[in-house]
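Step one of this worksheet: look at the structure below.
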Amino acid sequence: MGQITLFDYQEKSEKANCNTFENWLLVDGDNILNRTFHATKYEYKTAPDGRHTNGVSAFLKMVFGYQRKFSANIVVFFDQGKGFRKELYPEYKDGRKEKPEELIQQFPTLKEVLHAADIPSFESDYFEADDLIASSISKLQGHKYILSNDKDLLQLVSDDVTVIRKGNKNVDALITPESFTNEYPGMTPLQIVDIKALAGDTSDNIKGVPGIGEKGAFNLVQFYGTVENMLVSTECPKELKRYFTKLMAAKDDAIFSKMLTTLRKDASITIQARPLNEHGLREQCDILSLVIIKAYMNLY
């Protein structure tokens, strides 16, 4: 084996830094930082200035790992607030636990690192991160990988969109049209919104139709296809009668819940592939003492 010189490494690094990838890794920033924070909250990592960094460190390691695995440009999306849904439905997302202060402090730190590394990030006071991701899909060439545990994003799964979410035994699952069908037999990804419109969603405080749980919603959607089809149908099998009766008594609830659950795709957003700014990333790693990230990215 030939010896690798410093010049060889620099040439390789500079060449790689000039290129961007064909695929895209679209990261639900709030969701993934929340996940990595709680997965590492007992590690007590801090920067020299006292800032907590455990979530940021694990976030970067996860994201860069998937960038390498899928040869993908990274884009990160954040929630600036609860957006238009909160205006339409004041109870939206009420009841959620407050984020720990140690987690809240890490959002601006993460955004500093992303900015220094020239990794694009987006947020809006009108649209949530999920809507921004949905609005980006049709504008990007290549395969899109969405990194998030948010079930709402499953409605975007298609031949060129894969959702990466937490699976069993700490191994992430890749949700494709085929694997989605295995989990939800006889259904398409877009019908997730119809299930949630009927069954509701406790995490977002969307009530759905009173008396119809996930099993009833699944059975109704399997038979009718969509909420709209249910509302105009005159046919009802005996085994679905009790669910159908509840739906007819709360038509407006079903329609409104489906509107809240359906991701918007009309956000004005322009994304351009950028090469990673390794110098900026290295500086932030030094400032925050993120040694593991420097080693992981070969930034020594």
| note | Selection over segment 33-47 where residues are assigned to a loop (DSSP other than H, G, I, E, B) and either open to solvent by less than 30 Å² (accessible area, probe 1.4 Å) or modelled with pLDDT of 95 or more (or both) yields a count of 2
| remark: Checking T226, T261 in turn, the sole residue that is modelled with pLDDT of 95 or more, open to solvent by less than 50 Å² (accessible area, probe 1.4 Å) and touching a strand residue (DSSP E or B) at 6+ places or on another chain (Cβ under 8 Å) turns out to be T261
| task | Please give the number of the condition E214 fails out of (1) under 29 Å from L26 (Cα atoms); (2) surrounded by fewer than 17 Cβ atoms within 10 Å (Cβ to Cβ); (3) at pLDDT 95 or above. | result | (3)
| Which of the following residues is hydroxyl-bearing (S, T, Y) and touching a residue at least 12 places away in the same chain (Cβ under 8 Å): T188, T176? | T176
| field | Considering residues of segment 73-99 that are in contact (Cβ under 8 Å) with a residue 24 or more places away in the chain and surrounded by fewer than 16 Cβ atoms within 10 Å (Cβ to Cβ) only, the residue nearest to H38 (Cα to Cα) | value | K99
| message | For segment 105-137, give me the residue count where each residue is over 11 Å from the mean Cα position of the chain (by Cα), closer than 20 Å to S71 by Cβ, aliphatic (A, V, I, L, M) and surrounded by 20 or more Cβ atoms within 10 Å (Cβ to Cβ). | response | 3
| task | For L110, work out the one condition from (1) farther than 29 Å from L290 by Cβ; (2) in a helix (DSSP H, G or I) it doesn't fulfil. | result | (1)
| query | Right, A249: among the hydrophobic types (A, V, I, L, M, F, W, C) and open to solvent by less than 10 Å² (accessible area, probe 1.4 Å) or not? | reply | no
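The values are calculated or read from the model by the stated rules, or taken from the named source; none is laboratory data. Quantities reported herein were computed from a predicted structural model and do not represent experimental measurements. Using ideal geometry, Cβ is built from the backbone for each residue, glycine included, and neighbour counts are taken over all protein chains shown. Calculation scope for accessible area: heavy atoms of the full protein, side chains included, ligands and nucleic acids excluded. Shrake-Rupley method; radii C 1.70, N 1.55, O 1.52, S 1.80 Å.
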